[in-house]
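The values are calculated or read from the model by the stated rules, or taken from the named source; none is laboratory data. This one's a predicted model, so the numbers in the text were calculated from it and none came from an experiment. So basically every Cβ, Gly included, is an ideal-geometry build from the backbone, and we count neighbours across all protein chains shown.
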Amino acid sequence: MEIMTRSLEKNYLIVKAYNGKEALKKAISERPNLILMDISLPIMDGLSVTRRIRSTKDIEDIPIVAVSAGAMPHNITDAMEAGCNDFIAKPVRPGLLREKVNQMVDKSPVHSRSSIVDCGTLNSKS
């Protein structure tokens, strides 16, 4: 994951959150172009954080990509129903991650800077 982080840091400011509560705070304070949301965050899981983001004025339209080791159809459906825009299964392939990030940042309603809030995805070992 360290290689992926360095690869993304060449083009984007990466702001890390290590639990769901911190992820929500960073989404509000940073207003990033994209959120990479691990579904299995401690304190508040990624789906709960996503639902809160979708119901919070000024950040409700930020693209969110769910990242999870659980890649069964119901996991993907749950992520999309919570409000995620896309889903990436772990282990994450670096090329796929870069492609999804670039696509989502291009569609982002936030154009003031290129930043990503990473909610537990790039700092995990899987």
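Go through (1) under 14 Å from D118 (Cβ atoms); (2) surrounded by 14 or more Cβ atoms within 10 Å (Cβ to Cβ); (3) modelled with pLDDT under 95 for R31 and report which single condition fails.
Here R31 meets the rest and fails (1).
What is the one condition in (1) in a loop (DSSP other than H, G, I, E, B); (2) surrounded by fewer than 17 Cβ atoms within 10 Å (Cβ to Cβ) that L41 does not satisfy?
(2)
Just the residues that are over 18 Å from D86 (Cβ atoms) and out of contact with any Gly (no Cβ under 6 Å at 6 or more places or on another chain), please, taken from region 19-44.
Correct list: N19, G20, K21, E22, L24, K25, K26, I28, S29, E30, R31, P42.
When the residues of region 80-91 are narrowed to those that are touching a Lys or Arg at 6+ places or on another chain (Cβ under 9 Å) and assigned to a loop (DSSP other than H, G, I, E, B), which ends up nearest to L34 (Cα to Cα)?
N85
Just wondering, is there one or more residues in region 56-74 that are of a type in the set (D, E), over 26 Å from S7 (Cβ atoms), surrounded by 14 or more Cβ atoms within 10 Å (Cβ to Cβ) and at pLDDT 95 or above?
no
Read through the list (1) surrounded by 12 or more Cβ atoms within 10 Å (Cβ to Cβ); (2) under 27 Å from R6 (Cα atoms), then give the number of the only condition that M80 fails.
It is condition (2) that M80 fails.
Filter region 55-79 for residues that are part of a helix (DSSP H, G or I) and over 13 Å from the mean Cα position of the chain (by Cα) and give the result.
Within region 55-79, the first condition is being part of a helix (DSSP H, G or I), and the residues that meet it are 73-79.
Answer for region 55-79, where residues must be part of a helix (DSSP H, G or I) and over 13 Å from the mean Cα position of the chain (by Cα): P73, H74, N75, I76, T77, D78.
Mind counting the residues in region 45-86 that are of a type in the set (A, V, I, L, M, F, W, C) and closer than 22 Å to S114 by Cβ?
Residues of region 45-86 of a type in the set (A, V, I, L, M, F, W, C): 47, 49, 53, 59, 62, 64-67, 69, 71-72, 76, 79-80, 82, 84.
Filter again for closer than 22 Å to S114 by Cβ, leaving 49, 53, 59, 62, 64-67, 84.
Final tally of qualifying residues: 9.
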